[in-house]
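Engineer: Starting off with a structure, shown below.
Just so it is clear, none of the values below were taken in a lab; they were calculated from the coordinates. This is a predicted model, so every value here is computed, not measured. For neighbour counting, all protein chains shown are included, and Cβ atoms are generated from backbone atoms with ideal geometry for every residue, glycine included.
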Amino acid sequence: MRIDELLKGAYERLTFVSETAQLDAQLLLAHVLAVSTSYFYTWPEKLVSTSDVGRFNDLLARRELGEPVAYLLGQQAFWSLDLEVAPCTLIPRADTELLVEVALSVLDISKVNRILDLGTGTGAIALSLASEQPKSTVVGVDLVEEAVALAKRNALRNKLSNVDFLQSSWFDALEGCEPFDLIVSNPPYIDPDDEHLSQGDVRFEPKSALVADNHGMADIEHIIQIAPNFMMPNAYLMFEHGYDQAAAVQKCLIDAGFAAVESFQDLGGNDRVTIGQYSLKK
């Protein structure tokens with residue numbers, strides 16, 4: 001079957017399950033054929049082998065059931081990196097790049113910084129900061145052993161040696177370590193009863209990385225309570241959070257003695273990242 005005919009049929013199959021049906025189909029076929037998507041515009045008449053058509057149809061069937069394209073491909077771009085992804089972790093999203101941008105804006109680039117990423121998952125945030133701060137030391141922790149192993153593979157994949165990954169429930173494995181100049185986290189922040197958990201790609205992602213008690217605030221509150229024990233004076237703590245949680249996160253930071261508390265908006269104009277600066281004055 002010709003490439004253009006194969007893609008046309010795929011678009012029609014995915015239209016009702018994906019808002020990006022055309023892109024999804026192109027990415028999946030490019031993966032099967034080991035080519036770039038630009039190949040399809042140059043050689044639309046090329047024939048696809050029967051075995052490759054079968055592999056492509058298998059992927060389409062899984063996408064029709066809602067399985068995320070990133071899991072089907074086993075990879076996802078984030079910041080300037082190419083990351084391996086797997087169902088043991090969340091898929092890195094473009095909105096989370098805001099957390100990296102804000103982190104880089106507050107770091108003192110004239111010094112060697114110590115940076116901690118809590119709930120690192122694929123290592124996306126930690127590795128992005130390590131790539132932009134090659135003289136700094138970055139530590140990423142995650143409760144899930146498979147996620148830690150995945151993050152380590154991503155460090156090797158992107159040739160980054162100034163980052164280390166540990167298995168830990170938040171700060172538990174960090175007792176006695178040197179304090180940090182910056183702590184970042186994209187923790188679970190969705191209410192367990194949120195109806196969106198049963199919709200779209202998120203159905204396939206690990207719930208433990210998505211949901212938190214107390215209307216999604218439990219883990220954020222816990223981190224704010226413990227973080228000062230691991231922070232240098234004037235260090236920053238920052239979170240990604242839900243679109244309607246900025247006020248609650250700000251209040252928690254202020255109540256804990258943090259200064260310079262501020263929220264930043266994502267690409268959709270929603271408050272998505274909130275930061276605070278650790279102050280020794282209580």
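Engineer: Taking the alpha-carbon set of the chain, what are its Rg and Dmax in Å?
Structural biologist: Gyration radius and largest Cα-Cα distance of the chain: 20.8, 70 Å.
Engineer: Considering Cα pairs under 8 angstrom that are at least six residues apart, work out the relative contact order of the chain and quote it in whole percent.
Structural biologist: After rounding, I find 14 percent.
Engineer: Give me the one-decimal nm value for the distance between modelled label points at S80 and I109, 7 Å along each residue's Cα-to-Cβ direction.
Structural biologist: So the two model labels end up 1.1 nm from each other.
Engineer: For region 3-65, what does the relative contact order come out to in percent, with C-alpha contacts under 8 Å and a separation of six or more?
Structural biologist: Averaging sequence separation for qualifying contacts and normalising by length gives 44 percent for region 3-65.
Engineer: Dipole size in debye (nearest 20) for region 3-65 around its Cα centre, Lys and Arg Cβ +1, Asp and Glu Cβ -1?
Structural biologist: For this selection, approximately 120 debye.
Engineer: Restricting to region 76-277, what percent of DSSP beta bridges are antiparallel, rounded to 5?
Structural biologist: Antiparallel: roughly 40 percent of the beta bridges in region 76-277.
Engineer: Helix-only estimate, please: 222 nm mean residue ellipticity of the chain, summing -39500 (n - 2.57) across DSSP H runs of length 4 or more and dividing by its residues, to the nearest 500.
Structural biologist: So the calculated ellipticity at 222 nm is -10500 deg cm²/dmol.
Engineer: Between A61, A130, A34, which gets the highest mean-square fluctuation from a Gaussian network model of the chain, Cα cutoff 10 Å?
Structural biologist: Of A61, A130, A34, the most mobile in the Gaussian network model is A34.
Engineer: For the chain, find the longest principal axis of its Cα atoms and tell me its angle to the long axis of helix 246-255, 0 to 90°, nearest 10.
Structural biologist: Between the helix axis and the principal axis of the chain, the angle is about 20 degrees.
Engineer: Follow-up question, since we're still on this one. Taking amide H positions as placed in the peptide plane 1.01 Å from N, state which residues far from F258 in sequence (5 or more) or on other chains have amide H under 5 Å from it.
Structural biologist: none
Engineer: Excluding same-chain pairs closer than 8 in sequence, count the lysine pairs in region 76-277 whose Cα atoms lie under 23 Å apart.
Structural biologist: For region 76-277, the number of qualifying lysine pairs is 5.
Engineer: Oh, and also: Once you place label points 7 Å from the Cα toward the Cβ at L197 and A34, how far apart are they in nm?
Structural biologist: Distance between the two pseudo-spin positions: 4.2 nm.
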